[in-house]
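Take a look at the structure below.
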Amino acid sequence: MQGQRKWNALLLAAAVIILLVLPLVVKSSFAIDIFIRILLFSFIGVAWNLMGGYAKQLSLGHAAYFGLGAYTSTILQIDFGISPWIGMIAGGVVAMLASLPIGWLCFRLRGPYFTIATIATAQALMLIFLKFRDLAWGAEGTTIPNLGNAPLMVQFEAKAAYYYVALGLLALGLAITYRIEKSWMGYYLVAIGEDEDAAEAIGVNAPRIKRDIYLISSFLTAMAGTFYTQYIYFIDPATAFSFNISIEAALVSIVGGIGTLWGPVVGTVLLETTSTLLQSWLGGSIGGVQLTVYSLILMAVILWRPTGLMGLATEAYQRYLRRRPARA
Amino acid sequence: MPFYSAYPFVGQVFVLMAFVAVVLGTLGNVIGALIASLMMGVAESLGIQFVGADSGQIVVFAMLLLTLAFKPNGLGGGRAR
């Protein structure tokens with residue numbers, strides 16, 4: 001056990017060093033863009049995984065918080081000149097406040113009823129931002145004013161800086177997940193995920209736990225929204241509240257392994273790299289064929305490995321341990 | 001009568017509304033889904049008339065959320081899951 005712990009720490013240190021050095025070695029901005037996307041979607045997946053993975057509340061409405069975070073920071077920046085660093089926190093707070101009524105409504109529902117209710121809230125929010133132009137900029141959206149190199153306003157000339165911000169966000173998300181996983185809250189969440197009625201019967205205050213984890217999850221998702229808007233310099237309801245963000249958040253976690261610390265990261269690395277590589281290999285020859293191949297890979301993973309890739313890795317590791325002669 | 005043009009993502013227009021209809025009318029209840037989808041059609045048309053041409057679905061989602069707030073298993077009732 002002691003040895004394994006040491007190995008884990010070494011592995012983690014190596015991964016951190018590689019990730020920190022990566023943008024210094026890789027100069028292609030296309031590659032850096034892919035890395036940023038991987039980090040960002042890993043982060044969204046990690047935020048989703050807290051609730052969708054550990055407590056098994058299959059939400060497909062996290063785009064609501066992504067969009068709220070994006071809009072809060074953008075409105076604060078453009079209308080009041082407040083730095084998006086503060087806007088990021090403000091967006092998180094707005095998302096937390098929004099998650100209270102949404103959670104109150106949705107958590108009384110189970111299974112597909114819960115899922116469809118979360119989708120409905122995200123879609124309704126998108127339509128509200130489309131419709132009521134006084135609130136924001138309506139359907140046409142707006143561009144973030146380009147200030148050149150302004151680190152205080154989350155604008156950088158070098159792509160690598162965005163990379164480090166995204167890396168920091170992911171590290172924050174993983175640290176929070178790790179803390180929760182090791183605390184009493186993690187056990188409560190898993191108990192709720194396994195069987196909510198049984199968990200309540202033994203004294204877990206399920207509504208309170210679910211509300212708390214939803215607060216944390218929505219806060220983190222909103223931070224991702226702020227970052228994304230600052231990164232692409234543009235915001236409109238269709239991208240900020242895109243249903244694809246909700247899907248992606250759930251998908252990377254499911255493919256990687258729900259309810260595991262590293263699952264969303266593994267899932268995003270696999271899915272994002274496959275889709276990008278397929279696009280550059282096949283996209284030029286037959287239009288759309290990369291999406292077909294991508295979907296087939298997705299189906300294969302979900303059909304044959306419902307526990308996700310982390311499950312696969314764990315099983316392989318356990319087989320290896322069994323085969324090896326036992327030593328003290 | 002063509003409503004939508006044929007394009008690869010045209011299915012997404014229907015899949016969400018179909019899901020909403022089934023859940024609104026209680027899963028597994030065929031008559032419930034029928035009634036729910038009729039209600040949704042009327043609600044969306046009313047929304048287009050009174051809220052705006054681009055946001056008729058707001059009314060549908062509001063109807064869904066309100067219904068689930070009072071009847072967590074949809075309109076079809078039946079046993080709780």
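What size of dipole, in debye to the nearest 20, comes out for chain A about its Cα centre when the only charges are +1 on Lys and Arg C-beta atoms and -1 on Asp and Glu C-beta atoms? Working shown, then result.
Numbers: 21 positive and 16 negative charges, 238 e Å.
With Lys and Arg at +1 and Asp and Glu at -1, about 1140 debye.
Ordering A:134, A:236 by accessible surface, largest first, gives A:134, A:236; the 1.4 Å probe counts only protein heavy atoms, with every chain in place. Note on residue A:33 and residue A:147: their simple-model spin labels are 2.5 nm apart, each label 7 Å out from Cα toward Cβ. Within the listed set A:44, A:128, A:235, the Gaussian network model of chain A (springs between alpha-carbon atoms below 10 Å) gives the highest mean-square fluctuation for A:128. Counting charges near residue B:57 (Lys, Arg +1; Asp, Glu -1) among other residues having Cβ under 13 Å from its Cβ returns a value of -1.
Taken residue by residue and averaged, Cβ atoms of other chains lying within 10 Å of the Cβ of A:117-124 number 6. Counting Cβ atoms of other protein chains within 10 Å of each residue's Cβ and taking the mean over peptide B:24-35 gives 1. Of A:132, B:61, the residue with the largest accessible area leads and the full order is A:132, B:61 (1.4 Å probe). Once you reduce segment A:179-224 and segment A:231-286 to the center of their Cα atoms, the two points are 25 Å from each other. With the simple model of a label 7 Å out from the Cα in the direction of the Cβ, residue A:175 to residue A:133 spans 4.5 nm.
For chain A, the membrane-span-like helix rule (DSSP H, alpha carbon extent of at least 18 Å along the helix axis, mean Kyte-Doolittle at least -1.0) picks out A:2-25, A:29-48, A:63-80, A:84-106, A:111-131, A:159-182, A:206-232, A:243-256, A:263-282, A:289-304, A:308-323; this says nothing about an actual membrane.
Rg and Dmax of chain B, based on Cα coordinates, read 13.6, 41 Å.
Taking 1.567 mPa s as the viscosity and 4 °C as the temperature, the Stokes-Einstein diffusion coefficient of segment A:178-267 based on its alpha-carbon Kirkwood radius rounds to 86 µm²/s. For chain A, modelled as a GNM whose springs connect Cα atoms under 10 angstrom apart, the maximal fluctuation among A:300, A:63, A:199 occurs at A:300. Using a cut-off of 13 Å between beta-carbons, work out the net charge of the residues near residue A:136 (Lys and Arg +1, Asp and Glu -1, residue A:136 not included). Charge balance in the 13 Å sphere: -2. Centre-to-centre, using Cα atoms only, segment A:99-116 and segment B:1-72 are separated by 18 Å.
Take each residue in A:100-111, count the other chain C-beta atoms within 10 Å of its C-beta, and the mean is 2. Dipole magnitude for segment A:161-273: computed about the Cα centre from +1 point charges on Lys and Arg Cβ and -1 point charges on Asp and Glu Cβ, it is near 360 debye.
The modelled label-to-label distance between residue A:211 and residue A:22, using points 7 Å beyond Cα along the C-beta direction, is 3.9 nm. How many square angstrom of accessible surface are buried between B and A, both sides summed, with a 1.4 Å probe and rounding to 100? Chain pair B/A: roughly 1800 Å² of buried accessible area. Once the C-beta distance of residue B:45 and residue A:292 is scaled by a Förster radius of 41 Å, the resulting FRET efficiency is 0.70 to the nearest 0.05.
Using the charge dipole of chain A (Lys, Arg: +1 at Cβ; Asp, Glu: -1 at Cβ; taken about the Cα centre), state which of A:291, A:314, A:95 has its Cα farthest towards the positive end. The residue sitting most towards the positive pole is A:314. Farthest towards the positive end of the charge dipole of the protein assembly as shown, among the residues B:6, A:46, A:70, is the Cα of A:46, using unit charges on the Cβ of Lys, Arg, Asp and Glu. If the elastic network links every pair of Cα atoms under 10 Å, which of A:171, A:15, A:238 fluctuates the most in the Gaussian network model of chain A? Residue with maximal mean-square fluctuation among A:171, A:15, A:238: A:15. Ordered by 1.4 Å accessible area with all protein chains kept, A:323, A:208 run largest first as A:323, A:208.
The values are calculated or read from the model by the stated rules, or taken from the named source; none is laboratory data. The shown structure was predicted, so the numbers you read here are calculated from the model rather than taken from an experiment. Here Cβ is always computed from backbone atoms with ideal geometry, including for glycine, and neighbour counts include all displayed protein chains. Note: accessible area is taken over every heavy atom of the protein model, side chains too, but ligands, DNA and RNA are not part of it. Shrake-Rupley method; radii C 1.70, N 1.55, O 1.52, S 1.80 Å.
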